[in-house]
Amino acid sequence: GGTMKRRAGEREKELKKKKLLEELGENRLPYLTPADADFHQLWKTKYSKLIFRKSDTVPEELHQMVQESFLTLREHNCLFQDLVRIKGKDFLTPVSRILIGNPGCTYKYLNTRLFTVPWPTEGYDIKYCSPQIHDACKALMRLNDFLHIEAVKALQGQNLFETKEIKDTTEIDREQSFAASLMEQGSVSEVQSGVCVPEDERSLKNRTSYNLTLLNYMDPLEMPYLKQEPYFGMGNMAVSWHHDENLVERSVVAVYSYSCEDSAIEERNEQELEGRDPAVWHVGLKVAWDIETPGLAIPLHQGDIYLMLDDLNMTHQHCVLAGLSPRFSSTHRVADSSRGTLEYILGQCELALQNLQTDSDSMALSLKSLEAAVVKQVEEIHNEVEFEWLRQFWFQGKRYLKCTDWWLKPMAKLEEFWRKMEIMTSLVLSEVRKEQQIEEQRNETISCFLLLLKERQKLRKEWTAR
């Protein structure tokens, strides 16, 4: 209920903002780049939970491994445009993607579930299609470990900064040097090295233990059309304004950016340009539903990193502004795995099948209970395994097989469970037709059962049409 209210509120605010922009006509809201005098002060006051690290803060060996892994995945055609669903319509994303992470993890965005190509994890038998793909996944796991440590340090630094600010708000010099350090040195944690305010260790771990990375790739010169940024006039967008979905609350998002720059595409003299350089990739930020605070456009070069700390992803929105060169990014997330792991859905299937019994003599199948609550739970799980897992997986075809066949066995197991649940649905239909059922209980069972069958029929029609 809370989620629906929040979304309704956001939709209402978005409509108000669109109306305002229509009134503004060609006039756009202001935004700042690092060349602007007030940039660092605005960052400190309105965007302080965005931490930026230049590429020289990352070990050279790691840069090399990660950048090679990007090129390997592109050469092996492992990056795919996703068909996503927005307001009942399907759209192909301009960005090509692949999900790499913990075995059995998934990530859902815009009604599309992606399944991880597992990185080489101890205790799992993972067969890759080539040694190069194995090495690419291993490199991204190394990057994941590095970014986890950086995220912990950044959160500790943020805690320290906030605590000091509460104690003493008059240290203007310290505040100014902090603002400058955001771009020059990279983060708060580098300014106050090694000292931290105690935070519950479990909370810190939960918010920084990345279980997957969503890799993105786009060559803007291959795109016939890119949407224009509508609010500030920032230019071509590769990814529109959004909050990242399906994350553990207040978890850190870490992004490693690699634009394949060459000598032909160099950042122009900032003095010659108004606004951001259209040849250079940028991340854009704005305060959500705020029409007064200027936005930020921050340039991204080979090997740069940025971290979105704490609740920044909820209070702000971000977009990616296209440059001219092809670009990869590795976006590391703590995906909410409460309903998104293989372990979870297998557990749900086993729970549903507890209501199915086999006669030891005749081997005939029957249901243990016809109580409305039990039937409802089983049929809900039936729908979940079909529409959230099986159809989502096979809808995207056999593209995962370009990397690994890891998901084939689990999917075969889920299909086996689904077939048993189809039998359970038939058994419910048979039982409720029998006259000996108590009428009140029978009516209650039929009522909740029909609702879920109608939902299943509607979703099957939708998927068939897709």
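The values are calculated or read from the model by the stated rules, or taken from the named source; none is laboratory data. Note that this is a predicted model, so its numbers are computed, not measured. Here Cβ is always computed from backbone atoms with ideal geometry, including for glycine, and neighbour counts include all displayed protein chains. The area values use the complete protein model at the heavy-atom level, side chains included, leaving out ligands, DNA and RNA. Shrake-Rupley method; radii C 1.70, N 1.55, O 1.52, S 1.80 Å.
Through the Karplus equation 6.51 cos²θ - 1.76 cosθ + 1.60, θ set to phi - 60°, convert the phi angles of the range 407-414 into ³J(HN,Hα) values in whole Hz; use x for Gly and Pro.
Result, rounded to whole Hz: 7, 5, 5, x, 5, 4, 5, 5.
So which chymotrypsin sites (Phe, Trp or Tyr not before Pro) in the range 96-164 are both in a DSSP loop and have at most 12 other Cβ atoms within 10 Å of their Cβ?
Answer by residue number: Tyr124.
Each residue of the range 60-66 in order: what ³J(HN,Hα) in whole Hz does its phi give by Karplus 6.51 cos²θ - 1.76 cosθ + 1.60, θ = phi - 60°, with x for Gly and Pro?
Rounded to whole hertz, the list is 4, 4, 5, 3, 4, 4, 5.
Which whole-number value in Å² is the accessible area per residue of the range 418-466, probe 1.4 Å?
On a per-residue basis, the range 418-466 sits at 71 Å².
Within the accessible area of the range 342-465, what % is carbon and sulfur when the probe is 1.4 Å and the other protein chains stay in place?
C and S atoms contribute 52 percent here.
Using only the Cα atoms of the range 342-465, what are the Rg and Dmax in Å?
Considering the range 342-465 through its Cα atoms, Rg and Dmax are 16.2, 55 Å.
Check Lys108: other-chain or 5+ apart residues with amide H under 5 Å from its amide H, H built from backbone geometry?
It is Leu114, by chain and number.
Between Lys205 and Glu292, what is the label-point separation in nm under the 7 Å Cα-to-beta-carbon projection?
Taking the two extended label points, one gets 4.3 nm.
Show me, for the range 130-146, the HN-Hα J-couplings you get by feeding each phi into the Karplus relation (A = 6.51, B = -1.76, C = 1.60, θ = phi - 60°), rounded to Hz, glycine and proline as x.
7, x, 5, 5, 4, 5, 5, 5, 5, 4, 6, 5, 4, 4, 4, 4, 4
Taking the Cβ of Gln354 as the center, what net charge do the other residues with Cβ under 15 Å away carry, scoring Lys and Arg +1 and Asp and Glu -1? Could the numbers behind the result be given before it?
Working: positive: Lys368, Lys376, Lys420; negative: Glu350, Glu371, Glu379, Glu380.
So the environment of Gln354 carries a net charge of -1.
Tally Lys/Arg at +1 and Asp/Glu at -1 over every other residue whose Cβ is under 12 Å from the Cβ of Leu452; what's the total?
Numbers: positive: Lys376, Lys454, Arg456, Lys458; negative: Glu379, Glu380, Glu384, Glu386, Glu455.
Its environment carries a net charge of -1.
Which value in Å is the Kirkwood Rh of the range 208-255 over different Cα pairs?
Taking every pair of different Cα atoms in the range 208-255, averaging 1/r and inverting gives 13.5 Å.
When the chain is fully extended, how far beyond the present Cα-Cα distance does Asp145 get from Asp361, taking 0.36 nm per residue of separation?
Result: 72.2 nm gained on full extension.
Would you mind computing, in nm to one decimal, how far apart the modelled labels at Asp135 and Glu222 are, each placed 7 Å from Cα along Cα→Cβ?
Here the modelled spin labels are 2.3 nm apart.
Can you list residues whose amide H is under 5 Å from Tyr31's amide H, if they're 5+ apart or on another chain and H is modeled 1.01 Å from N?
Gly295
What FRET efficiency comes out for the pair Leu71/Ile126, r = Cβ-Cβ distance, R0 = 25 Å, nearest 0.05?
0.70
As an exercise, use a Förster radius of 25 Å and the Cβ-Cβ distance of Cys448 and Asp90 to find the FRET efficiency, rounded to the nearest 0.05.
The value I calculate is 0.20.
With r defined as the distance between the Cβ atoms of Glu416 and Gln81 and R0 fixed at 41 Å, what FRET efficiency is calculated, to the nearest 0.05?
Values: r = 32 Å, r/R0 = 0.77.
My answer for the efficiency is 0.85.
Cα-Cα over 22 Å: which of Lys376/Lys454; Lys108/Lys153; Lys49/Lys286?
Going by Cα-Cα distance, Lys108/Lys153 fall outside the 22 Å limit.
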